[in-house]
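Everything below concerns the one structure shown next.
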Amino acid sequence: MAGALTVGVAAAIMSVMEQTMLLDSLVHFLGEVLAMGGPVVGIVLMCLVVTISDVFVSSANGKVVTLIPIMVPLSDILGIRRQAIVLAYCYGDGFTNWFSPTAGVIVASLGAAQVEWSQWIKFSWIMYLAYTVVSCILCAIAQIIGLGPF
C-alpha cells in the first residue's frame, strides 16, 4: 500500500509539473547551468541528486517517476549517454537504501536488531561516503568511454 501511495503521489506531482510547464522550465534552467560543466560533471551531479533525493522519496518507483522525466531530457541537452543516466540512477538509489532514515527496510532491520539509527550512522558513514565517491567515479567513466549504444 505504501509503495502504491508513493508512486501515486509522485505521478501526481509530475502531472502538475507537466501541466504547468514547470518541468520544461526546470529542464531548460538546469541544462543552461550544467552545460558550463560538461557531460562528465553533469552525470556526477545527477548521481548525487539521486542520492540526495533518497531522503525525500525512499521508494525506487517513486523516484523513477519523479526524476527520470527530468534526467532524460537533461541528458539529451548535455550530451550524456542514457545508459550512464541509468547507471547514475541505480548507484544513487541502490547505495542509499541501506543508509537513509526514510528507507523502510533499514529502519525495520535496525529496529529488529535493536540498533539506534544514530549508532548505525556512526558505524557506516565512512563506507557510505566511499560508495558515493566510487559510484560518481564509475558514472564519469561510463560517460567518458561512451557506455552503451545510445
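Scanning the stretch 38-54 for residues that are open to solvent by less than 40 Å² (accessible area, probe 1.4 Å) and not hydrophobic (A, V, I, L, M, F, W, C), which turns out nearest to S75 (Cα to Cα)?
Among those residues, the one meeting the criterion is G42.
State which residue pairs qualify: first residue within 18 Å of D76 (Cβ to Cβ) and charged (D, E, K, R) and inside the stretch 12-34, second residue at pLDDT 85 or above and open to solvent by 70 Å² or more (accessible area, probe 1.4 Å) in any location, beta carbons under 9 Å apart, and separation of 6 or more residues or different chains.
E32/I77
May I ask you to verify whether I126 is of a type outside the set (D, E, K, R), open to solvent by 70 Å² or more (accessible area, probe 1.4 Å), modelled with pLDDT of 90 or more and over 14 Å from the mean Cα position of the chain (by Cα)?
When the stated conditions are applied, I126 passes them.
Could you run through the stretch 6-52 and say how many residues are in contact with a Ser or Thr (Cβ under 9 Å, 6 or more places away or on another chain) and within 23 Å of F95 (Cα to Cα)?
Residues flagged as in contact with a Ser or Thr (Cβ under 9 Å, 6 or more places away or on another chain) and within 23 Å of F95 (Cα to Cα) within the stretch 6-52 amount to 12.
Which of the following residues is within 16 Å of I137 (Cα to Cα), open to solvent by less than 30 Å² (accessible area, probe 1.4 Å) and among the β-branched types (V, I, T): I85, I106?
Only one candidate passes the filter, namely I85.
The values are calculated or read from the model by the stated rules, or taken from the named source; none is laboratory data. Keep in mind that what you see is a predicted model, and the values were worked out from it rather than measured. Note: ideal-geometry Cβ built from the backbone for every residue, glycine included; neighbour counts use all protein chains shown. Accessible surface areas use protein heavy atoms only, side chains included; no ligands, DNA or RNA. Shrake-Rupley method; radii C 1.70, N 1.55, O 1.52, S 1.80 Å.
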